[in-house]
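J.: There's a structure below that I have some questions on.
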Amino acid sequence: MSSDPRQRIAARAAQELRPGEIVNLGIGIPNLIPGLLAPAAGVFIHTENGLLGVGPRPRDEELDPDLIDAAKRPVTALLGASYFDSADSFAMIRGGHIDVAVLGALQVSALGDIANWAVPGKDVLGVGGAMDLVVGARRVIVTMTATASNGEPKVVPECTYPLTARAAVDVIVTELSVFRLRGGALCLTELLDGVTLDQVRQATSAPFRVELEA
Amino acid sequence: MTAGGAVSAAEAVALIRTGDTVMVGGFGLVGAPLTLIDALVEESDATDLTIVSNNIGEPGKGLGKLLRQGRIRCGIASFFTSNPEAVAAVNAGQLEAKLLPQGTFAEAIRAGGAGIGGFYVPVGAGTLLAEGKETRLIDDVPHVLEWPLRADVALVYAARADELGNLWYRRTARNFNPLMATAAAITIAEAGEILPVGGLEAESVMTPHLYVDRLVARREQ
């Protein structure tokens, strides 16, 4: 596995996706996933600015100013893709038609609450589609490093940053481990290669059950 | 719109008055009616505007130009952050900001155009963005009451129009444009290409002409 924690997280999160699923990818680590998916993975990528069937980055000669993803980066559209307006796109999201949202977070709580749009004391002026996605997607997978740059754990007993939604997260993938919310309880289900339970405990301030899977 | 084709951008934006609420299409600059925005910046004196747009442009680009002129009193958007100058204006008390989750923002515009008086969504419940809003349980899930958005004037961009004002959008340049076209007293459409009536296949018309009041040809960007 890659030694770059972001690649490692993205690669593990990619394994959570099943063929045929409709997947929305947030900015940052989730956007590394398309480069890690096998062509046979068979997932369809939705971007909330109005496209189902996002393809790879365009070559220079394929650049189209009318074709971007929600991060405002140029993309391509695969055969079988479709375009729609923003109300339709968010009806798909709120209406439960998106199987999986993979997105970053600042904090996730022991109850699956998520904070990923605003830092206290800073500007709270950009929410975009974050709230719609975590509420509407059928499965929410958070990809984030286990600790912030100041070393503070990001899996916490309770979010102290402004909430995006309550009890919305299903899976947390960090560079150390995988957590799953089961019946509202936070469970450690996997240690990534070479990681010890102690390392996870040190990097996590939330209480969790240990239910490691073989 | 009755057949007659395009008017000048200056003539069209003269319909915008001081104090108006103006919807502006686009996701960032993609699908934004840049010719109409330039005309509003260069040829109109209307000020004290409320702008309904997903972003307030970028620094010095699109609606960012109008912001620099100090003509926006209030912004209703989901992502001000894409223009740091808009964020600075809010922090300096020069711009009032109303932030909505993007799907709620889109649906509020759709509701405004469709004669819907309000709607409940689970999105935002229990967060900062629901403060001061009515919340009720629907099927045991907290939902937030959101109000429709309407405007005096909508500025939209479509890649193609016919001379009646039927519109066709291209790829992800569609975004908020078809919604905004329905939700204003006056809709001004900027088109990349204006075809004779019949030039758009009836089945491919995305915004029927009844929503469109003025048509303006896009100036090469």
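The values are calculated or read from the model by the stated rules, or taken from the named source; none is laboratory data. Keep in mind it's a predicted model, so treat the numbers as computed, not measured. Reconstructed Cβ throughout: ideal geometry from the backbone, glycine too, with neighbour counts over all protein chains shown. Note: accessible area is taken over every heavy atom of the protein model, side chains too, but ligands, DNA and RNA are not part of it. Shrake-Rupley method; radii C 1.70, N 1.55, O 1.52, S 1.80 Å.
J.: FRET efficiency for B:Gln94 and B:Leu128, Cβ-Cβ distance as r, R0 = 25 Å, nearest 0.05? Intermediate results must be reported in sequence, preceding the final value.
T.: Details: r = 22 Å, r/R0 = 0.87.
It comes to 0.70.
J.: Would you mind checking which residues have amide H under 5 Å from A:Ile27's amide H? H placed 1.01 Å from N; only 5 or more apart, or other chain.
T.: It is A:Gly104, by chain and number.
J.: Quick one: Debye curve from the alpha-carbon atoms of the stretch A:92-214 only, equal weights, vacuum; give me log10 I(q)/I(0) at q = 0.14 Å⁻¹ to two decimals.
T.: For the requested q values the scattering log ratios are -0.56.
J.: Is there a quick way to get the dipole size of the protein assembly as shown? I mean about its Cα centre, with the Cβ of Lys and Arg at +1 and of Asp and Glu at -1; what is the value in debye to the nearest 20? Intermediate values should be presented prior to the final figure.
T.: Numbers: 36 positive and 50 negative charges, 128 e Å.
With Lys and Arg at +1 and Asp and Glu at -1, about 620 debye.
J.: Apply 1/(1 + (r/R0)^6) to the Cβ-Cβ distance of B:Cys74 and A:Asp4, taking R0 = 60 Å, and write down the FRET efficiency to the nearest 0.05. Don't jump to the answer; show the numbers that get you there.
T.: Values: r = 44 Å, r/R0 = 0.73.
The computed FRET efficiency comes out at 0.85.
J.: Counting other Cβ atoms within 10 Å, keep those with at most 16, restrict to DSSP loop, and tell me which trypsin sites (Lys or Arg not before Pro) in the stretch B:1-108 are left.
T.: Values: sites: B:Arg17, B:Lys61, B:Lys65, B:Arg68, B:Arg71, B:Arg73, B:Lys98; in loops: B:Arg17, B:Arg71.
Answer by residue number: B:Arg17.
J.: Also, quick follow-up: Total accessible area buried between chains B and A, 1.4 Å probe, in Å² to the nearest 100?
T.: Summing both sides, the interface buries roughly 3000 Å².
J.: With θ set to phi - 60°, apply the Karplus curve 6.51 cos²θ - 1.76 cosθ + 1.60 along the stretch B:53-69 and write out the HN-Hα couplings as whole Hz, x wherever there is a Gly or Pro.
T.: 7, 4, 10, 9, x, 10, x, x, 10, x, 4, x, 5, 5, 4, 4, 7
J.: Can you compute the FRET efficiency between B:Ala202 and A:Leu191 using 1/(1 + (r/R0)^6), with r the Cβ-Cβ distance and R0 = 51 Å? Round to the nearest 0.05.
T.: Values: r = 60 Å, r/R0 = 1.17.
According to the calculation, E is roughly 0.30.
J.: OK, next. Given 20 °C and 1.002 mPa s, how large is the Stokes-Einstein diffusion coefficient of the stretch A:5-210 in µm²/s, with Rh as the Kirkwood radius over Cα pairs? Intermediate results must be reported in sequence, preceding the final value.
T.: Working: Rh = 17.4 Å.
The diffusion coefficient I find is 123 µm²/s.
J.: Something else: A drop of at least 30 square angstrom in accessible area, chain alone versus all protein chains together, probe 1.4 Å. Which residues of the stretch B:29-70 meet that?
T.: B:Val30
J.: Next question. Check the protein assembly as shown and count each lysine pair with an alpha-carbon distance under 25 angstrom, considering only pairs eight or more places apart or from different chains.
T.: Count of close lysine pairs: 12.
J.: Quick one: length gained pulling A:Arg59 to A:Arg18 fully straight, 0.36 nm per residue minus the C-alpha distance?
T.: On the way: separation 41, 0.36 × 41 = 14.76 nm, distance 2.77 nm.
Separation in residues times 0.36 nm, less the Cα-Cα distance, equals 12.0 nm.
J.: Quick check for you: with a 1.4 Å probe and neighbouring chains kept, what is the accessible area per residue of the stretch A:80-162, in Å²? List each step's numbers first, then the result.
T.: Working: 2940 Å² over 83 residues.
Heavy-atom accessible area per residue stands at 35 Å².
J.: Using all alpha carbons of the stretch B:9-217, what is the percent of pairwise distances in each 10 Å bin, ordered from the shortest bin to the longest?
T.: The percentages, shortest bin first, are 9, 35, 35, 17, 4, 0.
J.: Using a 1.4 angstrom probe on the protein heavy atoms only, could you order A:Cys187, A:Cys159 from most to least accessible area?
T.: On the way: A:Cys187 0, A:Cys159 30 Å².
Reading off the accessible areas and sorting them downward yields A:Cys159, A:Cys187.
J.: Assuming 0.36 nm per residue, please report the length gained on full extension of the stretch B:Thr47 to B:Ala114 beyond their Cα-Cα distance.
T.: Numbers: separation 67, 0.36 × 67 = 24.12 nm, distance 2.80 nm.
Contour length minus Cα-Cα distance gives 21.3 nm.
J.: Angle check, please: helix B:34-43 long axis (alpha carbons) against the longest principal axis of chain B (alpha carbons), in degrees 0 to 90, nearest 10.
T.: Relative to chain B, helix B:34-43 is tipped by roughly 90 degrees.
J.: Further, regarding this structure: Ignoring any ligand, DNA or RNA, what whole percent of the accessible area of chain B comes from carbon and sulfur when the probe is 1.4 angstrom? Mind dumping the intermediate values first?
T.: Working: 4300 of 8830 Å².
Percent of accessible area from carbon and sulfur atoms in chain B: 49.
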